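A quick write-up on the structure given underneath.
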Amino acid sequence: MSARPFDLVVFDFDGTLVLSNAVKANGFNRIAEQFEGGPAAMEQALAEPGLDRHTVARRFAETLRLPPDAAPKIAKAYGDLVNSAVVEVPEAPGASDLIEALRGALVAVHVSSATPRDALVDILNDRGWSMRFDGVHGRPATKVETLEALIAATRTPPARIAVVGDGPDDGASAEAVGAAFFAVGDRLPGARPLAEVRGELLP
């Protein structure tokens, strides 16, 4: 068997391992519809990709000049709308098989998301996925901070780390630390299905 190309693989979650992007977008839309001028304000709040729900809620509230306590309430309402729905969405084709194959090849498998870590842990537990990962990472840590912490904790050279994701923030985080990046899903130029990147992640 040839040597494995990577020692550590970090997956994004939404849109990468599970098909939840539409659910999350719909959650923001439903929140926006409750406010006059909400749809335009939400479009502005979401203009920068990869923001966590608390930042989106803060930007949305600031644009609409809502009271100071509005943003945390909006973020909570969004979580209440989407977290249970994400548990039920289908996984991306080949996700489970790829994770299990990586683990079988003794590759460390982590998940890193813009979702708050506590919420992500709950979602993974409810899906029965929590034992599949060597580490679960989410906000308040950014994806760059997560990679930097993993490099320091595991002493894995960046060249031996692969980031797999569907968003610009995933690619930017990999570039920031010198890790390899594999674009999947349907949002980035040149993105491929998980099944097509499998051969480059495994021996």
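By the gyration tensor of its Cα atoms, with a ≥ b ≥ c the square roots of the eigenvalues, what is the shape of the stretch 77-197: rounded for a/c under 1.5, prolate for a/b over b/c, or oblate?
Verdict is rounded for the stretch 77-197.
Under a crude label model (7 Å from the Cα following the beta-carbon direction), how far is Glu36 from Glu62 in nanometres?
Going by the 7 Å Cα→Cβ label model, 2.4 nm.
So, in nm, how far is label Ala22 from label Lys76 when the simple model puts each one 7 Å beyond its Cα toward the Cβ?
Computed distance between label sites Ala22 and Lys76 equals 3.1 nm.
At 0.36 nm per residue, and after removing the present C-alpha to C-alpha distance, how many nm does the segment from Ala47 to Glu200 gain when stretched out fully? Please report the intermediate quantities before stating the final value.
Working: separation 153, 0.36 × 153 = 55.08 nm, distance 3.23 nm.
Contour length minus the Cα-Cα distance gives 51.9 nm.
Given points 7 Å out from each Cα along the Cα-Cβ axis, report the Ser84 to Thr154 separation in nanometres with one decimal.
Reported label-point gap for Ser84 and Thr154 is 3.5 nm.
So what is the calculated 222 nm ellipticity per residue for the chain, using -39500 (n - 2.57) for each DSSP H run with n of 4 or more, over all residues, to the nearest 500 deg cm²/dmol?
Numbers: 9 runs with 102 residues, N = 203.
Value at 222 nm, helices only, nearest 500: -15500 deg cm²/dmol.
Quick one: pull the percentage of alpha-carbon pairs in the stretch 21-88 with a separation above 18 Å. Don't jump to the answer; show the numbers that get you there.
Working: 608 of 2278 pairs.
That tail contains 27 percent of the Cα-Cα pairs.
For the stretch 1-44, what are the per-bin percents of Cα-Cα distances with bins 5 Å wide, up to the bin holding the maximum?
Percent of Cα pairs in each bin: 5, 18, 16, 12, 12, 11, 7, 5, 5, 4, 3, 1, 0.
How far, in degrees from 0 to 90, does helix 117-127 lean away from the longest principal axis of the Cα atoms of the chain, to the nearest 10?
Approximately 70 degrees, to the nearest 10.
Over 23 Å, how big is the tail of the calculated P(r) for the chain, in percent of all Cα pairs?
Details: 9128 of 20503 pairs.
Every Cα pair in the chain considered, those over 23 Å come to 45 percent.
Laboratory data are not the source of any read-out in this text; all were calculated from the coordinates shown. Note that the structure is predicted; figures quoted are calculated from it, not measured. Using ideal geometry, Cβ is built from the backbone for each residue, glycine included, and neighbour counts are taken over all protein chains shown.
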